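The values are calculated or read from the model by the stated rules, or taken from the named source; none is laboratory data. Model, not experiment: these values are computed from the prediction. Cβ: placed from backbone, ideal geometry, glycine included. Neighbour counts: every protein chain shown. To get the accessible areas, we keep the full protein, side chains included, count just its heavy atoms, and leave off ligands, DNA and RNA. Shrake-Rupley method; radii C 1.70, N 1.55, O 1.52, S 1.80 Å.
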Amino acid sequence: MCSLPVPREPLRHVAVAGGTHGNEMSGVYLVRHWLLAPAELQRPSFSAVPVLANPAATAACRRYVDRDLNRTFASTFLNSRPTPDDPYEVTRARELNQLLGPKASGQAFDFVLDLHNTTANMGTCLIADSSHDVFALHLCRHLQLQYPELSCQVLLYQRSGEESHNLNSVAKNGLGLELGPQPQGVLRADIFSRMSALVATVLDFIELFNQGTTFPAFEMEAYRPVGVMDFPRTEAGNLAGTVHPQLQDQDFQPLQPGDPIFQMFSGEDLLYEGESTVYPVFINEAAYYEKGVAFVQTEKLTFSVPAMPALTPAPSPAS
(Lines give C-alpha, C1' and ligand atoms only; values in the text may rest on other atoms or scores of the structure.)
Protein backbone atom coordinates (compact mmCIF):
# COMPACT_ATOMS: atom_id res chain seq x y z
CA MET A 1 0.00 0.00 0.00
CA CYS A 2 1.33 3.45 -0.89
CA SER A 3 1.45 5.62 2.22
CA LEU A 4 1.88 9.32 2.83
CA PRO A 5 5.13 10.21 4.60
CA VAL A 6 4.90 9.89 8.37
CA PRO A 7 6.24 12.91 10.28
CA ARG A 8 9.86 12.37 11.29
CA GLU A 9 10.11 15.37 13.60
CA PRO A 10 7.98 16.35 16.61
CA LEU A 11 4.75 18.18 15.81
CA ARG A 12 5.20 21.66 17.29
CA HIS A 13 2.69 23.76 15.36
CA VAL A 14 -0.82 22.46 16.07
CA ALA A 15 -4.20 24.19 15.69
CA VAL A 16 -7.73 23.29 16.76
CA ALA A 17 -10.36 24.94 14.56
CA GLY A 18 -14.05 25.40 15.30
CA GLY A 19 -16.76 27.36 13.52
CA THR A 20 -15.69 26.34 10.02
CA HIS A 21 -19.46 26.11 9.72
CA GLY A 22 -20.87 28.90 11.81
CA ASN A 23 -23.94 27.06 13.15
CA GLU A 24 -22.12 23.94 14.38
CA MET A 25 -21.98 25.00 17.97
CA SER A 26 -19.75 22.51 19.79
CA GLY A 27 -16.62 23.64 18.02
CA VAL A 28 -17.68 27.30 18.11
CA TYR A 29 -18.04 27.35 21.88
CA LEU A 30 -15.03 25.16 22.58
CA VAL A 31 -12.81 27.52 20.61
CA ARG A 32 -14.33 30.53 22.35
CA HIS A 33 -13.62 28.82 25.67
CA TRP A 34 -10.02 27.99 24.74
CA LEU A 35 -9.35 31.55 23.59
CA LEU A 36 -10.05 32.48 27.23
CA ALA A 37 -8.36 29.38 28.72
CA PRO A 38 -5.50 28.49 26.33
CA ALA A 39 -3.66 26.45 28.97
CA GLU A 40 -6.09 23.58 28.35
CA LEU A 41 -4.49 23.11 24.92
CA GLN A 42 -0.93 23.00 26.25
CA ARG A 43 1.16 19.85 26.38
CA PRO A 44 4.80 19.48 27.46
CA SER A 45 6.16 19.53 23.89
CA PHE A 46 3.72 21.94 22.19
CA SER A 47 0.80 24.33 22.64
CA ALA A 48 -2.17 24.07 20.27
CA VAL A 49 -3.68 27.28 18.90
CA PRO A 50 -7.47 27.71 18.95
CA VAL A 51 -8.87 29.15 15.70
CA LEU A 52 -12.39 30.45 15.06
CA ALA A 53 -12.42 29.61 11.38
CA ASN A 54 -15.46 31.54 10.07
CA PRO A 55 -16.12 34.53 12.36
CA ALA A 56 -18.75 36.17 10.13
CA ALA A 57 -20.84 33.01 9.77
CA THR A 58 -20.43 32.29 13.47
CA ALA A 59 -21.67 35.78 14.38
CA ALA A 60 -24.73 35.20 12.19
CA CYS A 61 -25.17 31.58 13.38
CA ARG A 62 -25.21 30.42 9.76
CA ARG A 63 -23.32 27.63 8.03
CA TYR A 64 -21.62 30.20 5.80
CA VAL A 65 -22.05 33.72 4.44
CA ASP A 66 -21.43 33.34 0.69
CA ARG A 67 -20.16 29.79 0.11
CA ASP A 68 -19.16 26.71 2.11
CA LEU A 69 -15.77 27.49 3.67
CA ASN A 70 -14.94 23.79 3.98
CA ARG A 71 -15.12 23.46 0.19
CA THR A 72 -12.88 26.48 -0.47
CA PHE A 73 -9.31 25.38 0.32
CA ALA A 74 -8.57 24.22 -3.21
CA SER A 75 -5.63 25.85 -4.99
CA THR A 76 -8.08 27.39 -7.49
CA PHE A 77 -9.31 29.71 -4.73
CA LEU A 78 -6.16 30.01 -2.64
CA ASN A 79 -3.88 31.03 -5.52
CA SER A 80 -6.22 33.21 -7.55
CA ARG A 81 -5.79 36.97 -7.60
CA PRO A 82 -7.97 38.67 -4.94
CA THR A 83 -10.74 40.96 -6.14
CA PRO A 84 -13.21 43.20 -4.27
CA ASP A 85 -16.04 40.92 -5.41
CA ASP A 86 -14.62 37.74 -3.91
CA PRO A 87 -17.04 35.80 -1.68
CA TYR A 88 -16.33 36.25 2.02
CA GLU A 89 -15.30 32.61 2.46
CA VAL A 90 -12.78 32.81 -0.40
CA THR A 91 -11.10 35.74 1.32
CA ARG A 92 -11.24 33.95 4.67
CA ALA A 93 -9.77 30.76 3.15
CA ARG A 94 -6.80 32.77 1.91
CA GLU A 95 -6.36 34.29 5.39
CA LEU A 96 -6.44 30.86 7.01
CA ASN A 97 -4.02 29.54 4.41
CA GLN A 98 -1.59 32.27 5.40
CA LEU A 99 -2.15 31.57 9.11
CA LEU A 100 -1.98 27.76 8.99
CA GLY A 101 -0.22 27.07 5.69
CA PRO A 102 0.68 27.88 3.07
CA LYS A 103 -0.85 24.67 1.78
CA ALA A 104 1.64 22.04 0.60
CA SER A 105 4.59 24.06 1.94
CA GLY A 106 7.26 23.30 4.50
CA GLN A 107 6.03 26.26 6.56
CA ALA A 108 2.52 24.84 7.02
CA PHE A 109 1.24 23.83 10.46
CA ASP A 110 2.14 20.30 11.46
CA PHE A 111 -1.43 19.37 12.38
CA VAL A 112 -4.92 20.90 12.25
CA LEU A 113 -7.92 19.36 14.01
CA ASP A 114 -11.22 20.63 12.57
CA LEU A 115 -14.36 20.37 14.74
CA HIS A 116 -17.81 19.77 13.23
CA ASN A 117 -21.36 18.82 14.16
CA THR A 118 -23.95 17.05 12.04
CA THR A 119 -27.72 16.79 12.33
CA ALA A 120 -27.41 13.17 11.14
CA ASN A 121 -27.01 10.23 13.50
CA MET A 122 -23.27 9.92 12.80
CA GLY A 123 -22.27 9.42 16.43
CA THR A 124 -18.52 9.96 16.73
CA CYS A 125 -17.13 10.09 13.20
CA LEU A 126 -13.45 10.59 12.44
CA ILE A 127 -12.80 12.05 9.00
CA ALA A 128 -9.42 11.37 7.37
CA ASP A 129 -8.41 11.98 3.78
CA SER A 130 -7.52 8.48 2.60
CA SER A 131 -6.26 5.03 3.50
CA HIS A 132 -2.73 6.30 2.80
CA ASP A 133 -2.81 8.85 5.64
CA VAL A 134 -0.85 6.76 8.16
CA PHE A 135 -0.51 9.37 10.92
CA ALA A 136 -4.21 10.25 10.89
CA LEU A 137 -5.21 6.57 10.84
CA HIS A 138 -3.01 5.80 13.85
CA LEU A 139 -4.68 8.71 15.61
CA CYS A 140 -8.09 7.27 14.71
CA ARG A 141 -7.06 3.89 16.08
CA HIS A 142 -5.88 5.52 19.31
CA LEU A 143 -9.26 7.24 19.72
CA GLN A 144 -11.08 3.96 19.06
CA LEU A 145 -9.03 2.22 21.75
CA GLN A 146 -9.48 5.04 24.25
CA TYR A 147 -13.25 5.29 23.68
CA PRO A 148 -14.57 1.81 22.82
CA GLU A 149 -18.03 2.82 24.03
CA LEU A 150 -18.30 5.47 21.30
CA SER A 151 -17.83 3.10 18.33
CA CYS A 152 -15.78 5.74 16.51
CA GLN A 153 -16.30 5.25 12.76
CA VAL A 154 -13.66 6.32 10.25
CA LEU A 155 -14.74 8.05 7.05
CA LEU A 156 -12.22 8.49 4.23
CA TYR A 157 -13.61 11.48 2.45
CA GLN A 158 -11.10 12.36 -0.27
CA ARG A 159 -12.03 11.04 -3.68
CA SER A 160 -9.22 9.42 -5.64
CA GLY A 161 -7.38 11.92 -7.82
CA GLU A 162 -9.12 14.95 -6.31
CA GLU A 163 -7.40 17.73 -4.38
CA SER A 164 -8.48 18.05 -0.75
CA HIS A 165 -10.51 21.22 -0.29
CA ASN A 166 -11.21 21.16 3.43
CA LEU A 167 -9.66 23.32 6.15
CA ASN A 168 -7.22 20.81 7.59
CA SER A 169 -5.77 20.20 4.11
CA VAL A 170 -3.71 23.39 4.49
CA ALA A 171 -1.65 21.64 7.19
CA LYS A 172 0.85 18.82 6.79
CA ASN A 173 -1.44 16.51 8.77
CA GLY A 174 -5.03 16.78 9.93
CA LEU A 175 -8.25 15.18 11.03
CA GLY A 176 -11.91 16.15 11.21
CA LEU A 177 -14.20 15.34 14.14
CA GLU A 178 -17.88 15.04 13.15
CA LEU A 179 -20.22 14.60 16.12
CA GLY A 180 -23.98 14.22 16.10
CA PRO A 181 -26.84 14.29 16.05
CA GLN A 182 -27.08 17.94 17.06
CA PRO A 183 -29.42 20.52 15.49
CA GLN A 184 -27.91 23.52 13.76
CA GLY A 185 -27.54 26.49 16.10
CA VAL A 186 -28.01 24.31 19.20
CA LEU A 187 -25.43 23.40 21.85
CA ARG A 188 -25.93 20.03 23.55
CA ALA A 189 -23.97 19.46 26.78
CA ASP A 190 -23.33 15.77 26.11
CA ILE A 191 -21.86 16.37 22.66
CA PHE A 192 -19.91 19.40 23.86
CA SER A 193 -18.34 17.30 26.62
CA ARG A 194 -17.62 14.41 24.25
CA MET A 195 -15.91 16.71 21.76
CA SER A 196 -13.85 18.34 24.51
CA ALA A 197 -12.65 14.94 25.73
CA LEU A 198 -11.81 13.80 22.19
CA VAL A 199 -9.76 16.93 21.53
CA ALA A 200 -7.80 16.37 24.75
CA THR A 201 -7.08 12.80 23.66
CA VAL A 202 -5.94 13.94 20.21
CA LEU A 203 -3.47 16.32 21.84
CA ASP A 204 -2.33 13.54 24.19
CA PHE A 205 -1.67 11.32 21.15
CA ILE A 206 0.46 14.01 19.52
CA GLU A 207 2.40 14.31 22.78
CA LEU A 208 2.96 10.54 22.81
CA PHE A 209 4.24 10.74 19.25
CA ASN A 210 6.52 13.66 20.08
CA GLN A 211 7.95 11.75 23.06
CA GLY A 212 9.04 8.83 20.87
CA THR A 213 6.23 6.29 21.22
CA THR A 214 6.12 3.44 18.70
CA PHE A 215 2.69 2.58 17.28
CA PRO A 216 2.28 -0.98 15.94
CA ALA A 217 0.62 -1.97 12.68
CA PHE A 218 -3.08 -2.84 12.73
CA GLU A 219 -6.09 -3.65 10.58
CA MET A 220 -8.46 -0.74 9.99
CA GLU A 221 -12.13 -0.78 9.03
CA ALA A 222 -13.30 2.42 7.35
CA TYR A 223 -15.91 3.80 4.97
CA ARG A 224 -15.30 5.52 1.64
CA PRO A 225 -17.89 7.51 -0.36
CA VAL A 226 -18.96 6.01 -3.67
CA GLY A 227 -21.89 8.30 -4.53
CA VAL A 228 -24.76 10.41 -3.29
CA MET A 229 -28.53 10.03 -3.43
CA ASP A 230 -30.90 12.95 -3.91
CA PHE A 231 -34.45 13.10 -2.61
CA PRO A 232 -37.31 12.22 -4.97
CA ARG A 233 -38.54 15.44 -6.55
CA THR A 234 -41.43 16.89 -8.51
CA GLU A 235 -40.98 18.31 -11.98
CA ALA A 236 -40.68 21.73 -10.34
CA GLY A 237 -37.77 20.48 -8.23
CA ASN A 238 -39.62 20.33 -4.90
CA LEU A 239 -39.43 17.33 -2.60
CA ALA A 240 -41.86 14.55 -3.48
CA GLY A 241 -40.94 12.44 -0.45
CA THR A 242 -38.47 12.15 2.38
CA VAL A 243 -36.13 9.64 4.02
CA HIS A 244 -37.95 6.42 4.88
CA PRO A 245 -38.46 5.70 8.62
CA GLN A 246 -36.55 2.43 8.24
CA LEU A 247 -33.51 4.31 6.90
CA GLN A 248 -33.65 7.36 9.16
CA ASP A 249 -30.84 7.37 11.79
CA GLN A 250 -29.26 4.21 10.33
CA ASP A 251 -25.93 5.83 9.45
CA PHE A 252 -23.11 3.33 8.79
CA GLN A 253 -25.62 0.44 8.66
CA PRO A 254 -25.84 -1.78 5.56
CA LEU A 255 -28.41 -0.86 2.92
CA GLN A 256 -29.34 -3.80 0.73
CA PRO A 257 -30.88 -3.72 -2.77
CA GLY A 258 -34.66 -3.68 -2.31
CA ASP A 259 -34.59 -1.91 1.08
CA PRO A 260 -36.86 1.16 1.39
CA ILE A 261 -35.03 4.50 1.22
CA PHE A 262 -37.77 7.10 0.66
CA GLN A 263 -41.39 7.48 1.67
CA MET A 264 -43.32 9.42 -0.96
CA PHE A 265 -45.84 12.00 0.14
CA SER A 266 -48.36 9.90 -1.77
CA GLY A 267 -47.65 7.08 0.68
CA GLU A 268 -45.71 4.66 -1.51
CA ASP A 269 -42.20 3.46 -0.70
CA LEU A 270 -39.21 3.90 -3.00
CA LEU A 271 -36.68 1.07 -2.77
CA TYR A 272 -32.93 1.07 -3.17
CA GLU A 273 -32.18 -0.13 -6.69
CA GLY A 274 -28.39 -0.43 -6.44
CA GLU A 275 -26.62 -3.64 -7.37
CA SER A 276 -24.64 -4.03 -4.15
CA THR A 277 -24.75 -3.25 -0.44
CA VAL A 278 -23.79 0.29 0.56
CA TYR A 279 -23.50 2.04 3.92
CA PRO A 280 -25.34 5.37 3.97
CA VAL A 281 -23.94 8.27 6.02
CA PHE A 282 -25.09 11.84 6.62
CA ILE A 283 -28.65 10.55 6.29
CA ASN A 284 -31.10 13.48 6.10
CA GLU A 285 -28.33 15.95 6.99
CA ALA A 286 -29.91 19.41 7.17
CA ALA A 287 -26.94 21.15 5.55
CA TYR A 288 -27.10 18.88 2.51
CA TYR A 289 -30.65 19.76 1.42
CA GLU A 290 -29.26 22.68 -0.57
CA LYS A 291 -26.71 20.33 -2.16
CA GLY A 292 -29.40 17.90 -3.34
CA VAL A 293 -28.12 15.11 -1.09
CA ALA A 294 -30.43 12.92 0.99
CA PHE A 295 -27.52 10.71 2.02
CA VAL A 296 -24.00 9.77 1.00
CA GLN A 297 -23.40 6.19 -0.13
CA THR A 298 -20.21 4.56 1.12
CA GLU A 299 -18.46 1.22 0.82
CA LYS A 300 -16.85 -0.54 3.77
CA LEU A 301 -13.12 -1.20 3.50
CA THR A 302 -10.69 -3.25 5.56
CA PHE A 303 -6.99 -2.62 5.05
CA SER A 304 -3.64 -2.81 6.81
CA VAL A 305 -2.04 0.28 8.32
CA PRO A 306 1.74 -0.03 8.72
CA ALA A 307 3.51 0.58 12.01
CA MET A 308 4.51 4.12 12.86
CA PRO A 309 8.06 3.99 14.23
CA ALA A 310 9.32 6.12 17.08
CA LEU A 311 10.92 9.43 16.26
CA THR A 312 14.70 9.36 16.25
CA PRO A 313 15.98 11.45 19.18
CA ALA A 314 17.80 14.59 18.17
CA PRO A 315 21.57 14.24 18.59
CA SER A 316 22.97 15.78 21.75
CA PRO A 317 25.13 18.88 21.27
CA ALA A 318 28.83 18.12 21.24
CA SER A 319 30.45 18.83 24.60
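Here are the numbers for the structure shown:
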item: Segment Arg159-Gln42, extension gain: residue separation times 0.36 nm, minus the distance between their alpha carbons; result: 38.7 nm
item: Fully extended contour minus Cα-Cα distance, from Thr312 to Ala236, at 0.36 nm per residue; result: 21.1 nm
item: Protection-proxy order for peptides 244-255, 263-274, each taking the mean of Cβ atoms within 10 Å per residue, highest first; result: 244-255, 263-274
item: Candidate lysines - alpha carbon under 21 Å from Lys103, same-chain residues fewer than 8 apart omitted; result: Lys172
item: Net charge contributed by nearby residues that have their C-beta within less than 13 Å of Ala197 (K/R +1, D/E -1); result: -3
item: Per-bin percent of Cα-Cα distances, the chain [10 Å]; result: 6, 25, 34, 24, 9, 2, 0, 0, 0
item: Gyration tensor (alpha-carbon) shape descriptor, region 24-104, a/c threshold 1.5; result: oblate
item: Gain upon complete extension [Asp269, Lys300; 0.36 nm per residue less C-alpha separation]; result: 8.6 nm
item: Percent carbon-and-sulfur accessible area, the chain, ignoring ligands, DNA and RNA, probe 1.4 Å; result: 52
item: Among Glu219, Glu290, Glu207: highest mean-square fluctuation, GNM of the chain, C-alpha pairs under 10 Å; result: Glu290
item: Straight-distance crosslink candidates among lysines, where the alpha carbon sits under 17 Å from Lys291 and sequence neighbours closer than 8 are dropped; result: none
item: Three-way shape call for region 1-138 based on the alpha-carbon gyration tensor, with the a/c threshold at 1.5; result: rounded
item: Percentage relative contact order, the chain, counting C-alpha pairs under 8 Å, at least six apart; result: 19
item: Lys300 - accessible surface, heavy atoms, 1.4 Å probe, Å² rounded to 10; result: 90
item: Residue-wise HN-Hα coupling along region 136-149, computed from phi with Karplus coefficients 6.51, -1.76, 1.60 (Hz; x: Gly, Pro); result: 4, 5, 5, 4, 4, 4, 4, 5, 4, 6, 6, 10, x, 6
